[in-house]
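The block underneath contains the structure these notes are about, expressed in structure tokens.
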Amino acid sequence: MIFNPEYEAMDVQARRKLQFARLKNLVEKLYNDVAFYRKKMEALGVSPADIKTLSDIAKLPFTTKEDMRDTFPYGLLACPASQIEEIHMSSGTTGVPVVDAYTKKDIDIWGECMARTLAGAGGTRNDTVQNCYGYGLFTGGLGAHYGAKYLGANVIPMSSGNTARQLQVMQSFGSTILTCTPSYALYMAEEAADAGIDLRKLPLNKGCFGAEPWSENMRREIEARFGMKAYDIYGLTEIIGPGVAFECSAQDGLHVNEDLFYPEIIDPDTGKPLPDGEKGELVFTTLTKEGTPLLRYRTRDVTFFITAPCSCGRTTVRMHRLFGRTDDMLIVRGVNVFPSQIEQALIEIEGTEPQYMIVLSRGESHLDEIELQVEVKKEFFSDETKNLESLRNKITNVMKSRLQIGVKVKLVEPKTIERSIGKAKRVIDNRKI
Ligand code: DLL
């Protein structure tokens with residue numbers, strides 16, 4: 001079901017017009033009301049009058065993570081403080097505090113964005129949403145909560161953690177939609193298996209997973225273990241939280257809520273916009289936000305746009321599932337490595353669990369070393385040593401061919417890698433550079 005066909009299935013030209021009108025309003029507001037943006041525009045010699053078409057957006061300044069840090073906490077506020085209804089914050093992947101201040105209208109729009117997201121996964125008012133994203137400053141918990149309410153569904157505000165209770169609630173109330181990080185979903189599946197609960201027999205039939213990188217194979221794993229459809233959902237605190245983009249029944253790219261967030265892909269080195277279909281850094285401009293609207297925010301997330309029509313009937317542009325970030329990209333002996341590449345390779349190898357840790361170090365020779373700790377499936381671990389050795393060799397060879405560098409593989413016993421109830425930590429960087 002398309003939650004809001006008027007906007008989601010809008011004629012593309014009509015949407016362009018709407019985006020332009022909203023952009024124009026935004027630029028005027030920021031120029032007049034937010035000293036930070038006025039200064040930025042003046043430094044580039046650009047004023048609201050220079051924005052004559054949508055593509056003139058490229059003349060406008062970017063906003064970066066550093067800007068968020070420099071203006072912390074209220075430097076980007078674009079409305080009187082008395083109109084702020086709620087604040088969220090994230091330490092972000094890079095440790096810079098990021099604030100999002102919402103007015104009442106911002107919260108309503110957020111609810112709608114997440115209602116669109118849940119509907120994209122097939123959710124309706126008849127669903128029961130077990131929401132295991134963390135409640136609090138993190139946007140996941142309350143974002144999904146508002147969305148479920150906006151959709152008219154029943155929401156169980158579990159927050160993250162206490163897995164035994166999650167499983168109990170899931171069974172007692174017959175939850176039909178699960179919302180949490182994909183790594184937590186897998187953890188729950190393991191705990192369920194240990195407790196002798198067959199998740200596939202429960203009413204749960206769809207899940208909206210995001211907030212951290214995951215892969216196509218991890219999706220299959222979750223779908224098989226739960227007997228559900230697993231959908232990728234994307235968002236970030238700076239822009240609104242979850243609800244910026246979401247997958248539909250086609251599971252072929254994430255529809256961007258374009259009437260609300262104007263997306264661009266740029267070359268991260270030059271800052272120049274790239275044509276549709278080319279991979280680069282994702283940039284968003286918030287088109288209707290009142291509290292902390294942002295102009296051309298550089299997400300550092302790497303993806304490309306898919307413009308081919310989608311079978312679901314939505315006309316919004318889709319973004320490919322994320323490839324990683326421009327900043328958590330690991331550079332190991334000069335080679336760019338995304339943890340997601342390692343995960344993708346690993347999950348294709350029979351005998352391993354999708355649980356891993358990348359430990360980076362710099363040895364005596366000053367060369368970077370990657371140790372990849374991989375959990376082995378229970379059945380495999382009790383097997384003969386020679387099988388384990390051949391599994392280790394196999395992983396080593398696959399990594400070498402995928403990553404173009406050597407990786408030291410260490411097989412570890414089932415359940416020894418620390419599980420997360422929120423975003424999974426996959427990299428330990430012990431290099432002293
Ligand atoms: O993680 C918002 C969110 C909550 C999204 C719940 C989806 C579900 P932040 O904590 O500000 O906000 O982190 C945002 O997380 O820039 C991406 O790098 C990463 N991220 C979010 N969704 C995905 C996803 C929330 N589906 C940062 N796939 C973003 C990969 C994701 N990475």
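The values are calculated or read from the model by the stated rules, or taken from the named source; none is laboratory data. Keep in mind that what you see is a predicted model, and the values were worked out from it rather than measured. As a convention, Cβ positions derive from the backbone with ideal geometry for all residues, glycine included, and neighbour counts pool all protein chains shown.
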>> Give me the residue from the range 176-218 that is in contact with a Lys or Arg (Cβ under 9 Å, 6 or more places away or on another chain) and hydroxyl-bearing (S, T, Y) and, out of that set, nearest to the ligand (Cβ to nearest atom).
In response: T181
> So, in the range 126-175, of the ones that are closer than 24 Å to M1 by Cα and of a type in the set (S, T, Y), which residue ends up nearest to the ligand (Cβ to nearest atom)?
Replying inline: Y133
>> I'd like the residue in the range 104-127 that is crowded, with 20+ Cβ neighbours inside 10 Å and small (G, A, S) and, out of all such residues, is farthest from P242 (Cα to Cα).
In response: G123
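Which is surrounded by 15 or more Cβ atoms within 10 Å (Cβ to Cβ) and modelled with pLDDT of 95 or more, of L23, L44?
After applying the criteria, what remains is L23.
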> Across the range 89-112, which residue is modelled with the lowest pLDDT among those that are more than 28 Å from N162 (Cβ to Cβ) and among the hydrophobic types (A, V, I, L, M, F, W, C)?
Replying inline: V96
> Looking only at residues in the range 132-159 that are assigned to a loop (DSSP other than H, G, I, E, B) and touching a His at 6+ places or on another chain (Cβ under 9 Å), which one is surrounded by the most Cβ atoms within 10 Å (Cβ to Cβ)?
Replying inline: Y133
> Which is at pLDDT 95 or above and either assigned to a loop (DSSP other than H, G, I, E, B) or not assigned by TED's automatic domain parsing to the domain that holds E8 (or both), of T117, T124?
Replying inline: T124
> Given the conditions (1) closer than 28 Å to T163 by Cα; (2) in contact with a Lys or Arg (Cβ under 7 Å, 6 or more places away or on another chain); (3) buried (at least 21 other Cβ atoms within 10 Å of the Cβ), and given that K229 satisfies all but one, which numbered condition is not satisfied?
Replying inline: (3)
>> Looking only at the range 405-414, how many residues end up being more than 19 Å from S361 (Cβ to Cβ) and surrounded by 12 or more Cβ atoms within 10 Å (Cβ to Cβ)?
In response: 1
> How about the range 224-242: which of its residues are within 8 Å of the ligand (Cβ to nearest atom) and in a strand (DSSP E or B)?
Replying inline: D232, I233, Y234, G235, L236, G241, P242
>> So if I check each of K386, K394, which one is in a helix (DSSP H, G or I), modelled with pLDDT under 90 and of a type outside the set (F, W, Y)?
In response: K386
> Only one of L294, L282, L287, L260 is surrounded by 17 or more Cβ atoms within 10 Å (Cβ to Cβ), modelled with pLDDT of 95 or more and away from the ligand (no atom under 16 Å from the Cβ); which?
Replying inline: L287
